[in-house]
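Before any comments, here is the structure.
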C-alpha cells in the first residue's frame, strides 16, 4: 500500500512542478481526494490488523473481570484492616536465578495478629457449588471452574516452607465476587462471597493460637521475595502457561475411553478357534 502511494505522490509533485499553473488547482483537488482514500484505506488495514478473535476477546473479558474482583476485595480488606499488614497482587519469586527458581502470584495476603491469611479472589456470577475436595466447582446449572481452594492451600504450603512458619498458622480463603451477585453453597466456611471475606478473617484471627510469630518479621520476609521485574514476570507467565498445558494434556489422557477387557471364556474360545484353523 505504501509503495503505490509514494509513487502517486511523486507523480503529483512532478505535475505540479512542470505543469501549467492553470492545472495546479486540479492537481491539488486530485491530491486531496487521493489522500482521503489512502487515509481511509490505511485506517481500514490497521483496524483489520487489530481485530481480535472471539477467543482473544473472551480471554480479555475474563482478565478484566478478574482484575475487577481483585480491586473490590482489596477495597474491602483495606477498609477492615490496617493496610500496613496487607499485600496485594504480589508476585513472589523463590530461589531466584537458580535451577530451583519458581514463583507464586498471590491476590491478597493479610498478616494478622494470630494467623496468616492467603486470599484467592475469583470472579463468578450466580451459584457456586464449592465442594472442598472436588477438582472442579459447579457454577449455576452447567458452568464450572477449577477448585480455587486447592490453589490457596498450595500457596499456604509454599509460604510455610519458604518462610519457615508452621503450616497451622496459615488460613487459605477464597473470595468470589460479581456485581451481578454470587451465592456460595456446599462449601467450607473459608469459601465466601467478597462481602463476607473481611468478617470471616476477623473472626478467625480473633482466636488465639499456641504457635506465635512476629508480624513485622513475617512482612519483611514476604517483601524480600516480592518482585516486579519484567523478566521475573515473563518467566512466571511462561511457567504458568506450561503448567496449564500439562494439566490439559493430563486431562486428555485421563478422559481416554479404552475398550473393555475380553471375558475369560471369550478369550479361551478365540484361542481354540485359532488353533483349529
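The values are calculated or read from the model by the stated rules, or taken from the named source; none is laboratory data. Given the structure is predicted, the values throughout are model-derived calculations rather than measurements. Here the Cβ positions follow ideal geometry from the backbone for every residue, glycine too, while neighbour counts run over all protein chains shown.
Quick rundown of the values:
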{"item": "Pairs where the first residue, in the stretch 162-188, is touching a residue at least 12 places away in the same chain (Cβ under 8 Å) and on the phi > 0 side of the Ramachandran plot and the second is surrounded by 20 or more Cβ atoms within 10 Å (Cβ to Cβ) and part of a loop (DSSP other than H, G, I, E, B), C-beta under 8 Å, 6+ apart", "result": "186/130"}
{"item": "Positions within the stretch 69-93 being in contact with a strand residue (DSSP E or B) (Cβ under 7 Å, 6 or more places away or on another chain) and either touching a residue at least 60 places away in the same chain (Cβ under 8 Å) or more than 25 Å from residue 225 (Cβ to Cβ) (or both), in sequence order", "result": "69, 72, 73, 77, 81, 85, 87, 90, 91, 92, 93"}
{"item": "Pairs where the first residue, in the stretch 209-220, is over 18 Å from residue 168 (Cβ atoms) and the second is part of a helix (DSSP H, G or I) and at pLDDT 90 or above, C-beta under 7 Å, 6+ apart", "result": "219/85"}
{"item": "Identity of the residue in the stretch 224-243, exposed (fewer than 11 other Cβ atoms within 10 Å of the Cβ) and within 13 Å of the chain's Cα centre (by Cα), that ends up modelled with the highest pLDDT", "result": "238"}
{"item": "Filtered residues of the stretch 83-117 (kept if assigned to a loop (DSSP other than H, G, I, E, B) and under 21 Å from residue 190 (Cα atoms))", "result": "112, 113, 114, 115"}
